[in-house]
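Working notes, beginning with the structure itself.
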Amino acid sequence: MDGQDHDSEFPQQGRERLILRQPIALLGTGEPNDEAALLARLGPDAVMMMGDNPALPRMPRAPKLLDFFRLRFQDITFRHLLQSAKLALDEGMDENVVMACLLHDISNGALLRTDHGYWGAQLIAPYVAEEVAWAVQYHQALRYFPDESVGYRYPESYDHFFGRDYVPPEYIRRDAEIARRHRWYMTSRLVTMHDLYSFDPNVEIDPEIFTDIIGRNFRQPEDGLGFDGSPVAHMWRTMIWPNNFL
Ligand SMILES: [Fe+2]
Ligand SMILES: [Fe+2]
């Protein structure tokens with residue numbers, strides 16, 4: 001642990017470092033993809049961004065889960081995940097439920113919003129109990145479907161986001177039905193229940209209160225998330241270096 005960059009073999013200091021935005025963030029927005037214009041600016045004093053972007057807080061060499069919370073996640077996701085997990089903790093829920101709440105929107109934090117439940121589940125699958133990843137995946141679909149037996153109603157916020165006449169697509173309806181019949185249904189359903197009440201911008205929660213639960217339920221790789229050679233390591237590296245040209 002010498003605190004050096006993983007990318008220290010690419011000394012880009014002193015030169016302008018150009019950032020091409022991710023194509024998926026621009027598609028359909030009408031904003032131009034400025035690749036040709038950026039490439040035209042390359043020269044002795046300008047290179048494409050690779051490695052640590054000085055505009056972002058530097059990640060430790062072997063990053064752990066909470067480093068991503070603190071150093072990469074958007075504020076709204078940081079607060080939302082901590083609040084929903086704290087609710088589950090205070091209600092004495094099973095640690096699988098607390099973990100699923102803590103991780104359920106992890107993809108929204110610094111990766112992708114589209115199909116965030118599926119991306120999030122994949123991101124954490126090598127490190128958590130199968131039930132936790134499963135609950136994260138299916139919470140996305142279950143959010144659209146009320147369950148009166150446990151007091152879960154369709155979110156008012158979804159009427160606001162999508163319009164009252166919104167109908168979720170077929171794959172979401174199918175996956176919600178699969179989830180409803182599954183033995184881990186309630187784990188995922190409890191995620192959706194805590195989801196509703198966890199958007200208070202004034203609640204401050206110290207992520208460290210989850211250190212012990214994470215220690216017991218999230219197998220943090222010794223080399224750090226992103227550097228353990230797992231099938232999802234590149235997804236964590238993408239959050240460490242979100243501006244890399246390649
Ligand atoms: Fe979600
Ligand atoms: Fe959520």
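Could you grab me the full set of residues in the stretch 90-106 that are touching a residue at least 12 places away in the same chain (Cβ under 8 Å), surrounded by fewer than 19 Cβ atoms within 10 Å (Cβ to Cβ) and in a helix (DSSP H, G or I)?
GLU95
Under the condition of being among the aliphatic types (A, V, I, L, M) and surrounded by fewer than 20 Cβ atoms within 10 Å (Cβ to Cβ), which residue from the stretch 66-86 is farthest from ligand 2 (Cβ to nearest atom)?
So in the stretch 66-86, the residues among the aliphatic types (A, V, I, L, M) come out as 66, 71, 76, 81-82, 85.
Filter once more, keeping what is surrounded by fewer than 20 Cβ atoms within 10 Å (Cβ to Cβ): 66, 71, 76.
Details: LEU66: 18, LEU71: 21, ILE76: 10 Å.
Result: LEU71.
Can you find a residue that is aliphatic (A, V, I, L, M), outside any loop (DSSP other than H, G, I, E, B), within 13 Å of ligand 1 (Cβ to nearest atom) and in the same structural domain as THR114 (by TED's automatic domain parsing) anywhere in the stretch 180-189? Lay out the reasoning, then the answer.
So in the stretch 180-189, the residues aliphatic (A, V, I, L, M) come out as 186.
Adding the requirement that they be outside any loop (DSSP other than H, G, I, E, B) leaves 186.
Now drop any that are not within 13 Å of ligand 1 (Cβ to nearest atom), which leaves none.
No, the stretch 180-189 contains no residue that is aliphatic (A, V, I, L, M), outside any loop (DSSP other than H, G, I, E, B), within 13 Å of ligand 1 (Cβ to nearest atom) and in the same structural domain as THR114 (by TED's automatic domain parsing).
Please go through the stretch 128-176 and give me each residue that is of a type outside the set (A, V, I, L, M, F, W, C), within 16 Å of ligand 2 (Cβ to nearest atom) and either part of a helix (DSSP H, G or I) or over 18 Å from ARG189 (Cβ atoms) (or both), ordered by number.
GLN137, TYR138, HIS139, GLN140, GLU156, SER157, TYR158, HIS160
Suppose we keep only residues that are at pLDDT 80 or above and surrounded by 13 or more Cβ atoms within 10 Å (Cβ to Cβ) within the stretch 190-205. Which one would you say is farthest from ligand 1 (Cβ to nearest atom)?
So the residue we want is ILE205.
The values are calculated or read from the model by the stated rules, or taken from the named source; none is laboratory data. Bear in mind that the values here come from a model prediction, so they are computed numbers and not experimental data. Backbone-built Cβ (ideal geometry, glycine too); neighbour counts: all protein chains shown.
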